[in-house]
1. Give the range 271-309 a look and list any residue that's small (Gly, Ala, Ser) and touching a residue at least 24 places away in the same chain (Cβ under 8 Å), or say none.
2. Note down all Cβ pairs under 6 Å where the first residue falls in the range 310-335 and is over 11 Å from Asn348 (Cβ atoms), the second is assigned to a strand (DSSP E or B) and not polar (S, T, N, Q), and they're at least six residues apart or on different chains.
3. Looking at the range 348-361 only, could you name the residues that are among the small types (Gly, Ala, Ser) and surrounded by 24 or more Cβ atoms within 10 Å (Cβ to Cβ)?
4. Could you grab me the full set of residues in the range 1-25 that are of a type in the set (Ser, Thr, Tyr) and buried (at least 16 other Cβ atoms within 10 Å of the Cβ)?
5. Which ones in the range 20-49 are within 26 Å of Lys66 (Cβ to Cβ), among the polar types (S, T, N, Q) and in a loop (DSSP other than H, G, I, E, B)?
6. Which pairs turn up if I take residues in the range 28-53 that are among the β-branched types (Val, Ile, Thr) and look for partners that are not in a loop (DSSP other than H, G, I, E, B) with beta carbon separation below 9 Å, at least 6 apart in sequence or on another chain?
7. Are there any pairs with C-beta distances below 7 angstrom linking a residue in the range 122-140 that is within 15 Å of Ala262 (Cα to Cα) and of a type in the set (A, V, I, L, M) to a residue that is modelled with pLDDT of 70 or more and open to solvent by 30 Å² or more (accessible area, probe 1.4 Å), with the two at least 6 apart or on different chains, and if so which?
8. Which ones in the range 277-303 are at pLDDT 90 or above, open to solvent by 10 Å² or more (accessible area, probe 1.4 Å) and part of a loop (DSSP other than H, G, I, E, B)?
Amino acid sequence: MKASEVIKRYQEGERNFQRVNLRGQSFKGKDLSGADFSEADILGTNFQDAILRGAKFRKAKTGLQKGWAIFLLLISCLISGIGGFVSGYLSVVVLLIFDSNNLENQIVGWITLIFLILFYILSWYKGLLFGFGAIAIAGAIAIAIAFAFTIAGAIAGAFPGAFAFTIAGAIAGAFPGAIAFAFPGAIAFAFPGAIAFPGAFPGAIAFPGAIAGAIAGAFAFAGVIAEAIAGIIAIAIAGALIGTIINFYIARRAMKGDSREAWMRKFALAFASIGGTTFYNADLTDADFTGATLKNTDLRGKSFIRVCWKDTIKLDFARVGKTLLAQSEVRELLITGNGYHKSYIGANLRGAYLVGANLNKANLKYADLSEATLAGANLDKINLREVNAIGTNFTHSYMTGACVEAWNIDSTTKLTDVDCQFIYLLEYPKDERSDNKERRPSSGEFQPGEFTKLFEEVLDTVDLIFRDGVDWKAFVDAFDKVQVENEGTPLELQSIENKGDGVVVIKVKVPLDADKEKIHQDFSEIYKLKLQEQEKRYKAELAAKDREIEIYRENSTNMKEIAIILANQTNQNIINNTQIEKDMSQNFNTNQFNPNKSNINIATNNENVQQGNENATQNITNLTTEQKQNLKEAAAEIQELLEQLSQTYPTNTSKEKNIVVGEVVDRIESNSTLKTKVINALKAGGVEAFKEAIDNPLVNILMATIEGWKEE
């Protein structure tokens, strides 16, 4: 069927083109999305720049038409003949070693033999290019030395100069001779292997050319040693055989994907795809090549998102460029779907179609899984540490025991109906002495839907990380400005977490379609500027020294103040920046140390403590039995909270103490029964009575915080 007929029918709405013969037709730049070319003969068909979204090529036959294949094999045979010619020529040159009548000929023979041996030893173990490079350097050095001797000999006398010149000439001829022999010889064997012509064995195609070339080379040199024509031909053929075997080995390992000869494989596949089926720069999104034969095909497409390569044949012989098919282990995974216990660390799996694949215990650490499809895949005990899973589809997959440390997901990541009993948030325990990899849930198993809910918070939040505390005034200013600059994107403070060592994480809830990266970047830049403005302002207003600014920052990061502001925002949805600034300025001024009043303050405090103790004793005595019991119970519960949190969080600095107290207050407020007991105890016995009942160094800070509750 002609291409024009296919296009006409496609435009009329037909999509079924199964089993049609489209050999050599051109659909360059055409839109054939959704067309079905299953089992079609598309040898030599041109799909360059075509739009083939969702097209089907199941069991289609791609590659070279027979005429093109024969033409390329003839070129390969010609190249092998060139290599054989040089082989025969060099073999006879080596024979000059036995020319006892001419010292110069003997030198030429020995140098040629030495260079050939070194070249092939290096090429055998390190690769052909390494052999070229090493011999080139050695040859250049040897020639330079020989020419130096030539000049010196010309000064000292004619014989040394002529001798050195002979050596230089021999080296200059041996090096290009080795290259001229090995390069076309190895390539000549690689080409037939890449073409994979039915029934053709690479040696059967390249070998005759090499032998014919060897005989021709021998005759070309026969005039040098006229008395041994038959012997020369025999030796030339023997040399050609040895060189051919070595070249065949190098070409064979190149076509098997040996990294030492990667350049040769790419070169051979590029050559073998000339005239074959081409999908160069085509949009193959969601295309299906299940069971297709893809030898000698140009698959350097523009988009391979969700392309199915399952059970494809001779995909190794396709030209794939820098696509995800370039990695042999990835090709194998895409074809077989079996990656059990295999390593794909850092692999490019962007857009990979892995529906139902077995990746149990596989290691995909650092891999790019963006836009890949793993629906229904077995991902039990898989390592997904720091993978890029933006736009990845995990629907109905199995992920029990998976490690998801720092994986990158967003709202486009599909986690619907994932079957998972538990996961790990760390690949290795933080403490070498334990095996704690932060299992979730910590005990038991996820109930249906809980795994997805665990990561919903990640999908619609932006994490703002502060490593040196938070300046709340600068935070609020930056928060408001980010909303304005992002066209009024609604931002909501979701939670504040103390990670220890001065690190605070504030989670901001954003719409699912928000540009999280831009919001995070904008906030970071604006907060930094606001922080600098705040420091300059406080320095100017207070003539503060560096230590005073540090004290202010500690007060600004008081977790209790932040919690109160956050609560106000939740209830009122409005934060009055001016009032916050005023409150914080007052707090800062109140906490300043005044050396002129220190003695008076100390005396007053001692008197207050004594008076407080007397009041506490009197208040407890006047309480009823029920009130005493209520005070005792409330004090016991608070005592337990303080001790528990003091063990969890550090309490070395005033800032850390305020954080612990803020957490205690939050827990009391979340427990309505306990809060009622505390309020009743405060009203009945007063603050001092409560202090007397609690034995903890943080009780004074706590009482100062909740003292106002007795007015409720």
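The values are calculated or read from the model by the stated rules, or taken from the named source; none is laboratory data. As the structure is a computational prediction, the values presented were derived from the model and not from experiment. Note: ideal-geometry Cβ built from the backbone for every residue, glycine included; neighbour counts use all protein chains shown. When the accessible area is computed, the model is the full protein with side chains, heavy atoms only, and any ligands, DNA or RNA have been set aside. Shrake-Rupley method; radii C 1.70, N 1.55, O 1.52, S 1.80 Å.
1. Ala272, Ser273, Gly275, Gly276, Ala282, Ala287, Gly291, Ala292, Ser303
2. Pairs that qualify, where the first residue is over 11 Å from Asn348 (Cβ atoms) and the partner is assigned to a strand (DSSP E or B) and not polar (S, T, N, Q), are Arg319/Asp298.
3. Listed by number, the residues that qualify are Ala352, Ala357.
4. Hit for the range 1-25 is Tyr10, nothing else.
5. Once the filter is applied, which keeps residues that are within 26 Å of Lys66 (Cβ to Cβ), among the polar types (S, T, N, Q) and in a loop (DSSP other than H, G, I, E, B), the range 20-49 yields Gln25, Ser38, Thr45, Gln48.
6. From the range 28-53, the pairs are Ile42/Asn21; Ile42/Lys61; Thr45/Ala3; Thr45/Ser26; Thr45/Thr278; Ile51/Asp31; Ile51/Asp283.
7. Leu129/Trp263
8. Answer for the range 277-303, where residues must be at pLDDT 90 or above, open to solvent by 10 Å² or more (accessible area, probe 1.4 Å) and part of a loop (DSSP other than H, G, I, E, B): Tyr280, Asn281, Asp286, Thr290, Gly291, Arg300.
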